[in-house]
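The next block holds one structure in the form of structure tokens; read it before the comments.
The values are calculated or read from the model by the stated rules, or taken from the named source; none is laboratory data. Because the structure is predicted, anything quoted here is derived from the model rather than measured. Every residue, glycine among them, receives a Cβ derived from its backbone with ideal geometry; neighbour counts consider all protein chains shown. To get the accessible areas, we keep the full protein, side chains included, count just its heavy atoms, and leave off ligands, DNA and RNA. Shrake-Rupley method; radii C 1.70, N 1.55, O 1.52, S 1.80 Å.
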Amino acid sequence: MRVALCQMRSGEDVEENLRIAEKLVREAADGQADLAALPEMFTYLGPAAGRAAAAEPVPGPTTERLAALARERGMWVLGGSVIESDGEGVYATSVLLDREGALVARYRKIHLFDVDLPGQSPFRESSTFTPGDQLVTHDTDAGRVGLSICYDLRFPELYRGLMVMGAEVLFVPAQFQHETGKDHWEVLLRARAIENQCFVAAPGQWGTFGDPEKRRRSHGNSMIVDPWGRVLVRAPDEGDGVWLADLDMAELRRIRQVLPALQHRRLGLTC
């Protein structure tokens, strides 16, 4: 399974963000990717006050555009997160489309990023978003994938649950803060891969965003980690682009056989 990570720097202009996302997905297809993954907030990354205007139903305009690309290029597409409006709720929602363009899975971000980082204004995702409450996995033609988004990465029980549900590839589309990412991003991604003996694929945002006086910056460094914890591919701190890696599912099964830690669990199905 060849996975492409599409790293980008989204802004306030939804149409421009979608144009860049479509360009990157086409580049991924040109690289023979089976699945192209976009980062969190790829449709809109601006002041929180603008999120409501960028919200849309799922399925809706953005999923239709991703579906057209999936059909055109015969590939899977993961929309890292769109701002989904559903009744009175607004969700950070990851969407998975199959090779025929069907919307086959939707995951609503469970853990919302409410923090006070040094030197920055408080960050409150809960002021906009409603948390999801469902773990989501889905079979592809190469293996079962598990969906998550950004801040979820700090909650290992979520990924253990996805593994128990059969996931072999864990997706972590992100808009990870540079302040924490420089110390935690790679460590957490590799930990989730090692402890669950899964591939971890994490497409990210890069660069400054939002109000300049708030000094916020996305970490970049999109990467794919194998079940042994080895980094297969890593993007730089900055720059749009597509980074590809081939995921060897036979190697995953070999690792699970020679180091059968997942069979030695004693604290219950989800531990």
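A compact table of results
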{"read-out": "Residue among GLY210, GLY80, GLY229 with the largest mean-square fluctuation in a Gaussian network model of the chain, springs linking Cα atoms under 10 Å", "value": "GLY210"}
{"read-out": "5 angstrom amide H check on GLU12, placed H, neighbours 5+ away", "value": "LEU45"}
{"read-out": "Per residue value of the accessible surface for the chain (all protein chains in place, 1.4 Å probe), Å²", "value": "41 Å²"}
{"read-out": "Vicinal HN-Hα couplings computed from phi for region 34-49 (Karplus, 6.51 cos²θ - 1.76 cosθ + 1.60; Hz; Gly/Pro x)", "value": "7, 9, 10, 10, 9, x, 4, 6, 5, 7, 7, 9, x, x, 4, 5"}
{"read-out": "Percent of beta bridges antiparallel (DSSP, the chain, rounded to nearest 5)", "value": "70 percent"}
{"read-out": "Antiparallel %, DSSP beta bridges [both residues in region 68-184], to 5", "value": "85 percent"}
{"read-out": "Antiparallel %, DSSP beta bridges [both residues in region 131-271], to 5", "value": "65 percent"}
{"read-out": "Rounded FRET efficiency, nearest 0.05, which uses the C-beta distance separating ARG99 from ARG253 and R0 of 41 Å", "value": "0.95"}
{"read-out": "Formal net charge of residues neighbouring ALA55 (Cβ-Cβ distance under 12 Å; K, R +1; D, E -1)", "value": "-3"}
{"read-out": "Inter-part distance where region 77-92 and region 1-55 are each reduced to a Cα centre, Å", "value": "14 Å"}
{"read-out": "For the chain, calculated [θ]222 nm from helices alone, where every DSSP H run of n ≥ 4 adds -39500 (n - 2.57)", "value": "-8000 deg cm²/dmol"}
{"read-out": "About the Cα centre, charge dipole magnitude for region 20-110 (Lys/Arg +1, Asp/Glu -1 at Cβ), debye", "value": "100 debye"}
{"read-out": "Using θ = phi - 60° and Karplus 6.51 cos²θ - 1.76 cosθ + 1.60, couplings along region 240-256 (whole Hz; Gly, Pro as x)", "value": "5, x, 10, 10, 10, 8, 8, 9, 8, 5, 5, 5, 4, 5, 5, 4, 5"}
{"read-out": "Table column - 3J(HN,Hα) (Hz), region 73-84, Karplus curve with 6.51, -1.76, 1.60, x for Gly and Pro", "value": "9, x, 9, 7, 9, 10, x, x, 7, 10, 8, 9"}
{"read-out": "19 Å cut-off, amide nitrogen to a point 7 angstrom out along ARG2 Cα→Cβ, residues in region 234-268", "value": "234-235, 241-251"}
{"read-out": "Gyration tensor verdict on region 185-271 (Cα atoms; rounded if a/c is under 1.5, prolate if a/b is larger than b/c, oblate otherwise)", "value": "oblate"}
{"read-out": "Built amide H within the under 5 Å cut-off of THR208, gap 5+", "value": "SER218"}
{"read-out": "Efficiency of FRET between ASP133 and LEU262 - r from beta-carbon atoms, R0 30 angstrom, step 0.05", "value": "0.75"}
{"read-out": "Charge tally in the Cβ shell below 14 Å around LYS23, where Lys, Arg are +1 and Asp, Glu are -1, LYS23 excluded", "value": "-2"}
{"read-out": "Amide H contacts of SER148 (H built 1.01 Å from N, under 5 Å, at least 5 apart or other chain)", "value": "PHE171"}
{"read-out": "Fraction of accessible area attributable to carbon and sulfur, the chain (%, probe 1.4 Å)", "value": "50 percent"}
{"read-out": "Computed lengthening from ASP141 to HIS184, 0.36 nm per intervening residue step minus Cα-Cα distance", "value": "12.3 nm"}
